[in-house]
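Notes follow once the structure below has been shown.
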Amino acid sequence: MRYPHGVPGDSFYQKSIPDNAPAFLNASIPNGSNNQLICNDIQTLLWLGNQLALEFHIPFQKFYSDKPSEIVFDLDPPSVNDFNLAVFAAQKMKMIFDRFNLKSFVKTSGGKGMQVYIPLPFDTFTYEDTAIFTEFICSFLVEQYPDIFTIERLKKNRGNRLYLDYVQHRKGKTIIAPYSTRANEQGLVATPLEWQEVDDSLRPEKFTIPAVMERLKNIGDPFRDYREVRNRQAFDIVLNQFRN
């Protein structure tokens, strides 16, 4: 997402490569009458920064596949003051995923909420497959905690409950990328976490750009095993339980 006049200011999504783009932006995929840019090297990332692209929203599948390479649950509380609801939801999700022997990862959104990730083997499961799982998990949590969670799409009907968004996980949709900056006054970062950090003391304001850079030096990347884990996920076994 580009903010041509900085933050705060007007913004817009741009997926296609502009006509005046430099020649080194040579990685793209067709998208109708346009070509979508693939950011796969440092010089492309720097060029995007020069265009004041402050937020990076990415799809759930690789550019060469129509199948998701990950499941992402978006935990959306009513406001940043209700961030504790996102913490509680993430903790409950991890308990469920651990019971299914699924390795999960978690990050702040850089805003008011959090996202929980389950990496999947490449090019194996469809969005129809993952929808069976995501809908069940979110519906189960709403059934268990109806005063805290909701799957209601309309904001006006959610009240003070946290929205468990599983509908967003589908082809053509995107999620804020790990380590993307966010266009808010604090300049916060969507920050991967260790699960032991997800407790009542967790606050999104801690994760500014300087703090995250220092954090990477000190503890490394909590998503460092993400690629390796995806090949060990027995999601097919879990999915078969819901199909049967």
Residue, nearest to the chain's Cα centre (by Cα), within the range 167-182, restricted to residues that are surrounded by fewer than 21 Cβ atoms within 10 Å (Cβ to Cβ) and farther than 13 Å from THR108 by Cβ: THR174
From the set of residues in the range 51-92 that are touching a residue at least 60 places away in the same chain (Cβ under 8 Å), aliphatic (A, V, I, L, M) and not in a strand (DSSP E or B), which is surrounded by the fewest Cβ atoms within 10 Å (Cβ to Cβ)? VAL80
Among the numbered conditions (1) in contact (Cβ under 8 Å) with a residue 60 or more places away in the chain; (2) surrounded by 13 or more Cβ atoms within 10 Å (Cβ to Cβ), tell me where LEU48 comes up short. (1)
Working only within the range 186-204, note down all residues that are acidic (Asp, Glu) and open to solvent by 80 Å² or more (accessible area, probe 1.4 Å). ASP200
Quick one: in the range 96-142, of everything that is aromatic (Phe, Trp, Tyr) and part of a loop (DSSP other than H, G, I, E, B), which residue is most open to solvent (accessible area, probe 1.4 Å)? PHE122
Counting only residues that are exposed (fewer than 12 other Cβ atoms within 10 Å of the Cβ) and over 19 Å from TYR179 (Cα atoms), how many does the range 205-231 have? 2
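The values are calculated or read from the model by the stated rules, or taken from the named source; none is laboratory data. All values derive from a computational prediction rather than experimental measurement. No Cβ is skipped: glycine too gets one built from the backbone with ideal geometry, and neighbour counts run over all protein chains shown. To get the accessible areas, we keep the full protein, side chains included, count just its heavy atoms, and leave off ligands, DNA and RNA. Shrake-Rupley method; radii C 1.70, N 1.55, O 1.52, S 1.80 Å.
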